[in-house]
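The values are calculated or read from the model by the stated rules, or taken from the named source; none is laboratory data. The shown structure was predicted, so the numbers you read here are calculated from the model rather than taken from an experiment. Cβ placement follows ideal geometry from the backbone for every residue including glycine, while neighbour counts extend to all protein chains displayed. Accessible surface is based on the protein model in full, side chains and every heavy atom, while ligands, DNA and RNA are left aside. Shrake-Rupley method; radii C 1.70, N 1.55, O 1.52, S 1.80 Å.
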Amino acid sequence: MTDAVITVARPRIQWGRATVALAVAVFLLVFLVIPVVRVIFVAFLDPHTGAFTLINFVDFFNTSLFLESFWNSIYVAGMAVICSTLIALPLAYFTTRFNFKGAVLIQSLGFIPLIMTPFVGAVAMQMIFGSNGTLNLLLGDWFGINVPFMRGLNAVIFVQSIHYFPFILINLSASLVTIDRTMEESAQNLGAHGFRLFRRVVFPLAMPGYVAGASIVFLKVFDDLGTPLLLNVNNMLAPQGYLRITTIGINDPMGYVISVLLVVFSLGAVWGALLTLRGKDYATTQKGGGGLSKRDLRPWEQVGCYAVVAFILLVVLSPHIGLLLLSFGTVWSFAPLPDAYTMAHYAEVFKTSPQFITNTLLYSSVAALIDVVLGTAIAYIVMRTDLAGRRWLDYVAMSAIAIPGLVLGIGYLRTFYDFQLPWSGQSLASWWVILAIALSVRRLPYALRACSAGLHQVSEALEESAENLGATKWRTIKRVVVPLMLGAILAGFVTSFATAAVELSTTIMLVTSETDAPLSYGIYVFMQTPAGRGAGAALGVIAVVIVGLATYLSHRVIEESSRSHTMTAP
């Protein structure tokens, strides 16, 4: 009798899984694959005849401005990786190699730049490090010099390095604490010490973490749009792509050529990272490896170590300090600090532009909800079914992390602009729901990895037990799998929400009116004029608070989930 029930139920269950997989595949096809493929396809079309051609790429490399922008983008991304390494390496090495008070606090402070996107802090850094900023005014009074920290490409490199170095810090620290300690001890027994030990043994063993962080920094700097625009540095690829599409029109081929180059170099950064580590063995002989053997510092070494760390932290926290001062300052011009302080900028924001905040909360919530639904579905299909081609769902969804926001925005305009909503006649590309979907596609990899990690911790035996007790597959998922994955799902939701709240590259391409605009767009608009910088800074502080709270909640959810899993584990 039991066999008869199973024989009847099996086709319905397979059909349900296939339907969900098909729905996910259609979503990814419509909102990720088709827009990106259309951008690439148009780059190879003659704008006059519609025939296949390479003339657009020839024109690109024959135009001095585009060629200059191309090399500038590579130069800025490469220099940002080098500068980020110079900031992250001492912090990672000191806090994992030596015993001294405050190591945990230093690591925590080092991660703070991640809760503020670079374009938000760019103007604040102008106020501190610009030609007429706090530091140069003091240097001028004391020594009669003016250092061009925030001039041209240097400004972009400086701002990006300050904001993105935590990616190297996080990954490098993780690698250093899992290095096989016996390798270090063997090298010391053979006479390697000091810098030679670090150069020949420690750093090569930590290479996987460093390469992972460096490739992320290169990728994010290369396709960043907001920071160069706010610093008025337009001779880079992403700003040129944005300016061509918004000033000449959606049919301009150069915008598509630039988009193709952004995609190629983003994928190239990921491929280069894999190539760097290919054929090398970094495995440890014991679980965790033990990490570097820590030693106590001598008094003079402690002073030097604290001085270096304090200097680095002061620099990397300067955007947050500057943004806070700017948001409360009345007038801040040609003076080390604002003339006076006021709450007027916050009152202006809440009185005249509250829609920026409410839109952000709405769009980010919708995007995060879509992400966790898709992430849970993809994770379950990949790990719990034997459907043909199921791993492609994971590959396609994860590829979104290498697609620049500018490219996705152009692709949405090209794909959805001609579709009109039947009830309003509005273009589908300018509907706020499309913006929320675009944000969800950009952040889907974060939620997917969180959901996959959560499902890894759910034993299949629990699902089999529920089904043996008579629960259907759907009821098992709803009453057993999802509750056990809840911590990971919430972590994915919060991570997607926090990162979507400050997304600018896609937003700036799809927003058509301020009534539909989120915080990132409002900050960009306010920061365009000196009179609006106070209100823009106030919006920036609100964005930082939202992202900071979301990040804190994410960590709490992950900790609680790990603690409860540990307590319930046999």
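Before moving on, here are some points about what is shown:
- Test for F167: is it aromatic (F, W, Y) and surrounded by 16 or more Cβ atoms within 10 Å (Cβ to Cβ): yes
- Complete set of residues in the stretch 235-261 that are open to solvent by 50 Å² or more (accessible area, probe 1.4 Å) and over 19 Å from T506 (Cβ atoms): I248, N251
- Counting only residues that are open to solvent by 20 Å² or more (accessible area, probe 1.4 Å) and without any contact (Cβ under 8 Å) to a residue 60 or more places away in the chain, the stretch 331-351 holds 9 of them.
- Checking every residue in the stretch 375-398 against the condition of being modelled with pLDDT under 90 and in contact with a Gly (Cβ under 9 Å, 6 or more places away or on another chain) gives zero matches.
- The set of residues in the stretch 485-514 that are under 30 Å from G249 (Cα atoms), open to solvent by less than 50 Å² (accessible area, probe 1.4 Å) and among the β-branched types (V, I, T) comprises T499, V502, T506, T507, I508, V511.
- Listed by first and then second residue, the pairs with beta-carbon distance under 8 Å, at least 6 apart or on different chains, first residue in the stretch 78-93 and farther than 18 Å from L114 by Cβ and open to solvent by less than 20 Å² (accessible area, probe 1.4 Å), second modelled with pLDDT of 90 or more and not in a helix (DSSP H, G or I), form an empty list.
- Only a single criterion out of (1) modelled with pLDDT of 80 or more; (2) within 28 Å of the chain's Cα centre (by Cα) is not satisfied by W300, namely (2).
- When residues of the stretch 524-570 are limited to those that are at pLDDT 70 or above and part of a loop (DSSP other than H, G, I, E, B), the one nearest to the chain's Cα centre (by Cα): M527
- Within the stretch 130-163, tally of residues that are in a helix (DSSP H, G or I) and open to solvent by 20 Å² or more (accessible area, probe 1.4 Å): 12
- Out of A466, A461, A429, A471, sole residue that is closer than 24 Å to I401 by Cα and small (G, A, S): A429
- Residue match in the stretch 392-414 (condition: surrounded by fewer than 17 Cβ atoms within 10 Å (Cβ to Cβ), over 17 Å from the mean Cα position of the chain (by Cα) and among the aliphatic types (A, V, I, L, M)): no
- Any hit, the stretch 319-329, residues being open to solvent by less than 50 Å² (accessible area, probe 1.4 Å) and either in a loop (DSSP other than H, G, I, E, B) or of a type in the set (K, R) (or both): no
- Residues (of a type in the set (A, V, I, L, M, F, W, C), under 17 Å from G209 (Cα atoms) and open to solvent by 70 Å² or more (accessible area, probe 1.4 Å)) located in the stretch 171-190: V177
- Restricting the stretch 361-391 to residues that are in a helix (DSSP H, G or I) and among the polar types (S, T, N, Q), the residue that is least open to solvent (accessible area, probe 1.4 Å): S364
- Number of the exception - K101 against (1) of a type outside the set (F, W, Y); (2) farther than 25 Å from V541 by Cβ; (3) part of a loop (DSSP other than H, G, I, E, B); (4) at pLDDT 85 or above: (4)
- Qualifying residue in the stretch 28-47 (condition: more than 30 Å from W474 (Cβ to Cβ), small (G, A, S), open to solvent by less than 50 Å² (accessible area, probe 1.4 Å) and in contact (Cβ under 8 Å) with a residue 24 or more places away in the chain): yes
- I145 being of a type in the set (A, V, I, L, M), within 30 Å of M207 (Cβ to Cβ) and at pLDDT 85 or above: no
- Wholly within the stretch 171-284, helices (runs of 4 or more DSSP H) carrying at least 3 residues that are of a type in the set (A, V, I, L, M, F, W, C) and touching a residue at least 12 places away in the same chain (Cβ under 8 Å): 207-222, 253-277
- Total residues in the stretch 501-520, condition under 19 Å from L114 (Cα atoms) and touching a Phe, Trp or Tyr at 6+ places or on another chain (Cβ under 7 Å): 2
- Selection within the stretch 63-77 - of a type in the set (S, T, N, Q), open to solvent by less than 60 Å² (accessible area, probe 1.4 Å) and part of a helix (DSSP H, G or I): S69, N72, S73
- Failed item in (1) over 20 Å from G540 (Cα atoms); (2) surrounded by 14 or more Cβ atoms within 10 Å (Cβ to Cβ), with L109 passing the rest: (1)
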